[in-house]
Amino acid sequence: MEAKENVIIKLTFQFALEIVKYCEDLQSTKKFVIANQLLKSGTSIGANIREAQNHESDNDFTHKFKIAAKEIKETEYWLNIIEACYEEYNIDEISKLLEEVAKITNSIITTMKNKSKK
């Protein structure tokens, strides 16, 4: 029997890879500060979700996902700054991927909240 694929783990890893490439491009044009901020928040999403996979309790699991949700919002912020300041950088594709990550993350948080109410 084949193990079920963990969609959020796969998706956040893919997103992190895209963020790394995007930030390397920013760094190549000497936008170091914004690149570093985006790199930290963008890769932290998957790191927190990965960490949640070894949770000690349901509350711990939910807490890690809530941290990831905060990192999603911070990443959106930095992408919006980039869009407003640097017209040569397109954020559409990476924003779509982030939106997909956000939807799944928020759905998991909601499911866990509902589970804890029972």
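The values are calculated or read from the model by the stated rules, or taken from the named source; none is laboratory data. Everything numeric here is computed off the predicted structure, so don't read it as measured data. Backbone-built Cβ (ideal geometry, glycine too); neighbour counts: all protein chains shown. Note: accessible area is taken over every heavy atom of the protein model, side chains too, but ligands, DNA and RNA are not part of it. Shrake-Rupley method; radii C 1.70, N 1.55, O 1.52, S 1.80 Å.
Brief remarks follow.
- Across the options ASN48, VAL7, MET112, the greatest Cα extent toward the positive end of the charge dipole of the chain (unit charges at beta carbon of Lys, Arg, Asp, Glu) belongs to MET112.
- 0 to 90° range, to nearest 10: angle between helix 32-52 axis and the chain longest Cα axis: 10
- Fraction of accessible area attributable to carbon and sulfur, the chain (%, probe 1.4 Å): 51
- 20 °C / 1.002 mPa s Stokes-Einstein diffusion coefficient of the chain, Kirkwood radius on C-alpha pairs, µm²/s: 143
- The chain: relative contact order as a whole-number percent, Cα under 8 Å and 6+ apart: 27
- For segment 58-118, the solvent-accessible area with a 1.4 angstrom probe is 66 square angstrom per residue.
- Inter-part distance, segment 56-105 to segment 1-55, computed on C-alpha centroids, equals 10 Å.
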